[in-house]
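These notes are about the structure you will find just below.
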Amino acid sequence: QVQVLESGGGLVHPGGSLRLTCQASDSRYSIAGMGWHRQAPGKARELVAAMATGGATVYSTSVEGRFTISRDNAKNAVYLQMNNLTPEDTAVYYCNLGLRSRAFTPSKDYWGQGTQVTVSS
């Protein structure tokens, strides 16, 4: 079964940057839509950024201008560049990928298990 593998989380000081990476484990699958979500302790999971198949993007108001979602089809990977981080960005970040194994077939939704991002001085 294809898996979504996340990396890049860690501890960073306020104002610092991190780049999260999300990659499908099986190269036979291609990425359609994609998104990043996060969940802080005691809070519900929320959408951070998303990109549709055609490339249109949406961002949470709280991260717009600081975070950038992108993809690299050649590497079968997606990224979340996180700049000017604040303590309020501390959360577990989850990657969500729409994957398809064949062209012109509907994609299926897959979730990573999350990577911890902690912003603290």
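Quick note: the coordinates plus some simple rules give every number you see, no bench work behind them. All values reported here derive from a predicted model rather than from experimental measurement. For neighbour counting, all protein chains shown are included, and Cβ atoms are generated from backbone atoms with ideal geometry for every residue, glycine included.
For the chain, a crude dipole built from +1 on the beta carbon of Lys and Arg and -1 on the beta carbon of Asp and Glu, taken about the Cα centre, is about 320 debye to the nearest 20. Counting charges near Ser120 (Lys, Arg +1; Asp, Glu -1) among other residues having Cβ under 14 Å from its Cβ returns a value of -2. Computed from phi, the 3J(HN,Hα) profile of the stretch 74-89 under the Karplus parametrisation 6.51, -1.76, 1.60 (θ = phi - 60°) reads 4, 9, 6, 9, 10, 9, 10, 7, 10, 10, 6, 5, 10, x, 5, 7 Hz, with x in place of Gly and Pro.
Size check on the stretch 61-121: the Cα extents along the three principal axes, sorted descending, read 47, 22, 22 Å. Stretched out straight at 0.36 nm per residue, the stretch from Asp72 to Arg100 would grow longer than its current Cα-Cα span by 8.5 nm. Semi-axis lengths, largest first, of the ellipsoid equivalent to the stretch 1-64 are 23, 16, 12 Å, with √(5λ) applied to each eigenvalue of the Cα gyration tensor. Considering all alpha-carbon pairs of the chain, what whole percent are spaced by more than 19 angstrom? So the portion of pairs separated by more than 19 Å is 43 percent. Using 13 Å as the cut-off for backbone N distance, which residues of the stretch 2-35 belong to the label zone defined by a point 7 Å from the Cα of Thr53 along Cα→Cβ? Output list for this probe position: 30-34. Each residue, Gln113 and Thr86, gets one label point 7 Å from its Cα in the Cβ direction; the gap between the two is 3.2 nm. Springs between alpha-carbon pairs under 10 angstrom, Gaussian network model over the chain: which of Gly35, Gly54, Gly16 fluctuates most? Sorting by GNM fluctuation, first place goes to Gly54.
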